[in-house]
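Enquirer: Dropping the structure in here first, questions after.
The numbers here are math on the coordinates, done by the rules we state, and not lab data. Here the structure is a predicted model, which is why all the values come from computation and not from measurement. For neighbour counting, all protein chains shown are included, and Cβ atoms are generated from backbone atoms with ideal geometry for every residue, glycine included.
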Amino acid sequence: MKERLQKVMAHGGVASRRQSEQLILAGKVKVNGHVVTELGTKVDPKTDHITVDGKPLQGKEQHVYYILNKPRGYITTAADERGRKTVIQLLNGVSERVYPVGRLDYDSDGLLLLTNDGELTQRVIHPSYHMRKVYVVKVKGVITDETVQQLREGVELEDGMTNSAYVEVLLREKKASLLRIGIHEGRNRQIRRMCNAVGHEVIRLTRTQVGPITLGKLETGQFRALTHQELGKLHQAVRKN
């Protein structure tokens, strides 16, 4: 039975469907020796020979799940044409081909999940599953209670009004404030843009939680496999058996 190529790739643990589409469009996928760049291409995983970056697509592979404390100065992709450092380079000893779950800005740090489970990745990043992401954010200036309430209720950005957010003031200093912000959306650089919109430039942004998974005491640049308990909570959060 033939299925869409990106669906077969996701089930094979290559990446999420969206990331698989990007690989197809980039000309990195071959079917029976021919480069395929059409997203509507259908294949039979039992009879067609599929390669990604020259590596054969295996059947359903063993899924692995990691948590990384991403340092600033790394990008959340598997490779970069400009030669910048990627988070994959931090995974010493990991033999499986894994991909980041969602994005974390080049100049941000903190919790990043990586896996070869394309279905789980899609569910974690899809807004319909309301996976809350929590950040500790240091901003310039002393933030007022009125501005905090504005962030909670939503602010107008160039791509529309943000949804309601969890916002807690952790510290107010003379020239800066420390906030904890939780959102369910996943817009590009959303926290930074929200803070800029209310007049407070972000000095530092650290993600501390994705759904039920917390960063804990994991050192910057270090990674570990998710525990069975953590994985169970994550699967429960996205209702994946």
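Enquirer: Taking amide H positions as placed 1.01 Å from N in the peptide plane, with prolines and chain starts having none, which residues 5 or more places from Thr86, or on another chain, fall under 5 Å of its amide H?
Expert: Residues meeting the amide H criterion: Ile75.
Enquirer: Glu168 to Asn188: FRET efficiency via 1/(1 + (r/R0)^6), r the Cβ-Cβ distance, R0 35 Å, to the nearest 0.05?
Expert: The formula returns an efficiency of 0.90 here.
Enquirer: Sum up the charges of everything whose Cβ sits under 11 Å from the Cβ of Ser108, counting Lys and Arg as +1 and Asp and Glu as -1, but leave Ser108 out.
Expert: +4
Enquirer: Take every DSSP beta bridge whose two residues both sit in the chain, then give the antiparallel share in percent to the nearest 5.
Expert: Rounded to the nearest five, the antiparallel share is 95 percent.
Enquirer: Modelling each spin label as a point 7 Å along the Cα-to-Cβ direction, I'd like the Met161/Arg132 distance in nm, to one decimal.
Expert: 2.2 nm
Enquirer: Using a basic spin-label model with each label point 7 Å from the Cα along Cα→Cβ, how many nm lie between Thr144 and Gln62?
Expert: Taking the simple label geometry, Thr144 and Gln62 are separated by 5.8 nm.
Enquirer: Quick one: net charge of Thr220's neighbours, Cβ under 12 Å, K/R +1, D/E -1?
Expert: Summing Lys and Arg as +1 and Asp and Glu as -1 gives +1.
Enquirer: Using alpha carbon centroids, what distance separates the stretch 74-122 and the stretch 21-69, in Å?
Expert: Cα centroid to Cα centroid, the span is 18 Å.
Enquirer: Also, I was wondering about something else. Go ahead and estimate [θ] at 222 nm for the chain from helices alone: -39,500 (n - 2.57) per DSSP H run with n ≥ 4, summed, over the residue count, rounded to 500.
Expert: Mean residue ellipticity at 222 nm (helix-derived): -6000 deg cm²/dmol.
Enquirer: Here is a follow-up. Tabulate in residue order the Karplus-calculated ³J(HN,Hα) for the stretch 42-49, using 6.51 cos²θ - 1.76 cosθ + 1.60 with θ = phi - 60°, rounded to whole Hz; enter x for Gly and Pro.
Expert: Each residue of the stretch 42-49 in turn: 10, 9, 10, x, 7, 10, 7, 8 Hz.
Enquirer: Within the stretch 158-233, report the trypsin sites (Lys or Arg not before Pro) that DSSP leaves as loop and that have at most 11 other Cβ atoms within 10 Å.
Expert: Lys174, Lys175, Lys217
Enquirer: Mind listing the long-range amide H neighbours of Val155? Cut-off is under 5 Å, sequence gap 5 or more, other chains count too, H placed in the peptide plane at 1.01 Å from N.
Expert: The answer is Thr162.
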